[in-house]
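First the structure, in the form of C-alpha cells, and then the observations on it.
The values are calculated or read from the model by the stated rules, or taken from the named source; none is laboratory data. All of these numbers come straight from a predicted model, not from anything done at the bench. Every residue, glycine as well, gets a Cβ built from its backbone with ideal geometry; the counts of neighbours run over all protein chains shown.
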Amino acid sequence: MIYHSKTTPRWAITLSANLKPTTMSQNQQIANYLNKGRKLTPIDALNKFGCFRLAARIADLRNDGMNIKTTIVKLKNKKQVAQYSIN
C-alpha cells in the first residue's frame, strides 16, 4: 500500500486501492444499478462505487428526472438507514 501524504488517512488509501477503476461517474453507476431493479443503501454505495454521499447523488439523479423511492429500513443493530429504489 502506498501512503500518499500525511494528511490522507490510511483507510482512504486502502478504500481507493480496492475500488475498480471506471470511466463512468458515480451518478451513472448508481442510475444503472437502480435501473436494474436493485435497492441501494449508503453502505452499499460506499462499497460498490466509493460513494460517501449517496443522498447527494440521489438528489442529482432526481433533479435529472429519475423517480427514486426512499424507504427507511431498520438494520439488525436497530439503526435505521435510507434504502433507495426505482418506483
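Answer yes or no: is there a residue in the stretch 5-20 that is within 11 Å of the chain's Cα centre (by Cα), of a type in the set (Gly, Ala, Ser), part of a loop (DSSP other than H, G, I, E, B) and at pLDDT below 95.
No.
Is there any pair with a first residue in the stretch 42-55 that is more than 10 Å from residue 82 (Cα to Cα) and in contact (Cβ under 8 Å) with a residue 12 or more places away in the chain and a second that is small (Gly, Ala, Ser) and buried (at least 16 other Cβ atoms within 10 Å of the Cβ) whose Cβ atoms are under 8 Å apart and which are 6 or more apart or on different chains, and what are they?
So the pair list comes out as 51/45.
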